[in-house]
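What follows is a set of notes on a single structure, which appears directly below.
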Amino acid sequence: MADTILLVDDEEGIRNVLGISLKDLGYDVLTAKDGEEALRLFQEFKPPIVLTDIKMPGMDGIDLLRSIKAERPDTEVIMITGHGDMDLAIGSLKSRATDFVTKPVNVDMLEVALQRANERLAMRATIRAYTQDLEKLVQEQAAKLVNSERLAAIGQVIEGLPSAMKGIVETLDDDIKFFNEMPCFVAIHNRDLEIVSTNQLYRERLGDKGGIRSWEIYILDNEGDLDCPASRTFKTGTGQRSREIVKDIEGKEIPVIVHTAPIRNREQEVNLVLEISVDITEVKRLQAELRVTQHKYQQLFNEAPCYISVQDKDLRLAETNRRFKEDFGDDIGSFCYEIYKHRTEPCSDCPVEKTFTEGKSQTYETVVTSKNGEQNNVLIWTAPINDANGEIAQVMEMSTNITQIRKLQDHLSSLGLLIGSISHGLKGLLTALDGGMYRVDAGFAKENQDQIKEGWEVVRLMVSRIRNLVINLLYYAKERDLEWVKVDALSFAGEVAFAAKQKIQDNDIEFFCDFDTSAGEFEIDTGVVHSALINIMENAVDACLEDKTNIKHKIIFSLKQDEKNIIFEVNDNGLGMDQETRENIFTLFFSSKGNKGTGLGLFISNQIIQQHGGSIKVDSTLGQGSSFKISMPKVLPETAKIANKEHQAVRLRAV
């Protein structure tokens, strides 16, 4: 396909719309608002295809067409015309325009016209190479004939034409049958512009034209025009290439590509012209059928309402459809797991690898990240693509974005699992609470202060855990209004550290606190922020427990401040996270713990911090631990306060 196309139209809207369509078809587009600007761009960049409006102020499309053809005759020019300008469109064809399309421009018709132009360019390049070889052969053989006494004069050449033609091709074949068996029309013209000899196919299809004038075999633009490929060859002394139309014996028009080569005498004068014409009727029909088929499949591929990619055995992207390019980028040759997951190695349960191994279609559901950082749930289906030997050469992967469906479905289906899990959890907490109450009662009965204190600590711990569980449920079900107060940051950090310390130390993990004693006050809902920080601390504990190295694990809880914010940091030297986990860690129901986690804790923590106008930043490397930085404004944003005041007003009116 031609790489560059020049689009010319005095209407900016048409240039913009057609420019987008042409870029979708794979072209680099140059645009011009009039003929003068177009001619300058054409002379500078020499695009192989020009698409121009006919009616424009100043230099119109017809004048531009003639100027382009005068400079570069091989340039393909497609005209854009209105329905009332058909005479001008037909006239442009006489000036050797490739084709024309009518306004409003139908993209399918434009694509057909562009494909026709590309075919002409490709055919011309092929014939050019063939003709150059043929010219060289003819010149070599003509030199031999010039040295022969048999070409003493033109008359002798004509009278001895069979012998001469045999001499031209003696190195290619044993006799003149080579010319007769050529699958194209071959003719010899003399300086009087008369056809002196033709091959068998020429005579069968076009008739016996021996002796007629060279231009009479063509359907010319202007009646009486004596210009033809043979006459141009005699005038210039060089081979000519052009697209012409001839008539067969039955009067049917045949489109042909004509190539000529001069044959010189000993004085280097052109005495004969060899003309070879190729019938492109069948080629055009087959190409048209192929274009229609390719267009249908390409359109189906691009317009399918899902992401489609074709991958090789190395999991590199060989082809992607339009929707894939829009959401993930046009990175042909990249690894799929780099584009989809931002991973450095293939997924452990990759469906494409399974398809290559087992030769069967696979289905798979996962979370992918778009080029804009959006996480989407996708349902993947794969299918093998076999080569001519029946071997799997590539695998096609189709991925449907089911994010919204999955959110609703997960929300509903997880409720049942969550309720069951909460029931068991509450049962265990209540059992422990009963045990603590029993110790308190027993301590009172025995007046044993140590037993009372021990039982009360159990009761306090269980009440705290039940409270956190209920708060998580409230945030999962519906975001609640904040009950905010001014709190001393240092005291609050101490309470969080005290609540988390026991579980951390029970798991043989070192726990360090680093608090800025001058942190001052900030405005928060103490209960929910306490739960959010505990969730993050428990995540750090789990990360340390999952790390099976022999290092001594530790967690550092820090309190800092800047001018406007109170900053908490939770650092651990546990398992750490890869990029995929970092990007999805605050996604609802995402859990890196498998069936050991609900995927609620960090999601709810993030929601709590955001509701306070704060943010959580995560820095983590797989195998090197994680750092959670929680920044919260010292003064609660007015939006959160207004929501709380409205909630209180509703309650007062109800009273």
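So which of Glu181, Glu194 is at pLDDT 90 or above and among the charged types (D, E, K, R)?
Working: Glu181 fails: at pLDDT 90 or above.
Selected residue: Glu194, the only one of Glu181, Glu194 that is at pLDDT 90 or above and among the charged types (D, E, K, R).
Taken over segment 544-582, the criterion of being outside any loop (DSSP other than H, G, I, E, B), among the charged types (D, E, K, R) and closer than 18 Å to Gly623 by Cβ is satisfied by Glu546, Lys554, Asp572, Glu580, Arg582.
For segment 81-97, the criterion of being among the hydroxyl-bearing types (Ser, Thr, Tyr), in a helix (DSSP H, G or I) and surrounded by 18 or more Cβ atoms within 10 Å (Cβ to Cβ) is met by at least one residue.
Residues of segment 343-360 being within 15 Å of Asp578 (Cβ to Cβ) and within 21 Å of the chain's Cα centre (by Cα), which ones?
Narrowing segment 343-360 to residues within 15 Å of Asp578 (Cβ to Cβ): 343-348.
Answer for segment 343-360, where residues must be within 15 Å of Asp578 (Cβ to Cβ) and within 21 Å of the chain's Cα centre (by Cα): Arg343, Thr344, Pro346.
Confirm whether Leu121 is touching a strand residue (DSSP E or B) at 6+ places or on another chain (Cβ under 7 Å), farther than 22 Å from Arg66 by Cβ, among the hydrophobic types (A, V, I, L, M, F, W, C) and modelled with pLDDT of 85 or more. The answer is no for Leu121. Ala499: surrounded by 19 or more Cβ atoms within 10 Å (Cβ to Cβ) and within 16 Å of Ser620 (Cβ to Cβ), yes or no? No; evaluated as a whole, the condition is false for this residue. When the residues of segment 19-69 are filtered to those that are among the polar types (S, T, N, Q) and part of a strand (DSSP E or B), the one that is nearest to Met109 (Cα to Cα) is Thr52. Condition first: part of a strand (DSSP E or B), farther than 25 Å from Ala113 by Cβ and not assigned by TED's automatic domain parsing to the domain that holds Phe328. Can you find one or more residues in segment 240-247 that meet it? Within segment 240-247 (the criterion being part of a strand (DSSP E or B), farther than 25 Å from Ala113 by Cβ and not assigned by TED's automatic domain parsing to the domain that holds Phe328), the answer is yes, since at least one residue qualifies.
Annotation: Asn106 fulfils all but one of (1) modelled with pLDDT under 90; (2) in contact with a strand residue (DSSP E or B) (Cβ under 6 Å, 6 or more places away or on another chain); the unmet one is (2).
Table: residues versus (1) modelled with pLDDT under 90; (2) outside the structural domain of Lys371 (by TED's automatic domain parsing); (3) more than 23 Å from Val496 (Cα to Cα); (4) crowded, with 19+ Cβ neighbours inside 10 Å.
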| position | (1), (2), (3), (4) |
| --- | --- |
| Ser518 | no, yes, no, no |
| Glu523 | no, yes, no, yes |
| Thr526 | yes, yes, no, no |
| Asp547 | yes, yes, yes, no |
| His553 | no, yes, no, yes |
| Leu559 | no, yes, no, yes |
| Ile567 | no, yes, no, no |
| Ser591 | yes, yes, yes, no |
| Asn606 | yes, yes, no, yes |
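In segment 617-639, of all residues being outside any strand (DSSP E or B) and in contact with a strand residue (DSSP E or B) (Cβ under 9 Å, 6 or more places away or on another chain), the one that is surrounded by the fewest Cβ atoms within 10 Å (Cβ to Cβ) corresponds to Val635.
When the criteria are applied in full, Ile5 meets the requirement of being in a strand (DSSP E or B) and under 25 Å from Gln299 (Cα atoms). Within this structure, Ile332 passes the test of being of a type in the set (A, V, I, L, M), exposed (fewer than 15 other Cβ atoms within 10 Å of the Cβ) and over 19 Å from Glu580 (Cβ atoms). When Val310, Val283, Val258, Val278 are checked against the criterion of being of a type outside the set (S, T, N, Q), out of contact with any Cys (no Cβ under 9 Å at 6 or more places or on another chain), part of a strand (DSSP E or B) and surrounded by 14 or more Cβ atoms within 10 Å (Cβ to Cβ), Val310 stands alone in meeting it.
The values are calculated or read from the model by the stated rules, or taken from the named source; none is laboratory data. Since the model is a prediction, treat every value here as computed from it, not as a measurement. For neighbour counting, all protein chains shown are included, and Cβ atoms are generated from backbone atoms with ideal geometry for every residue, glycine included.
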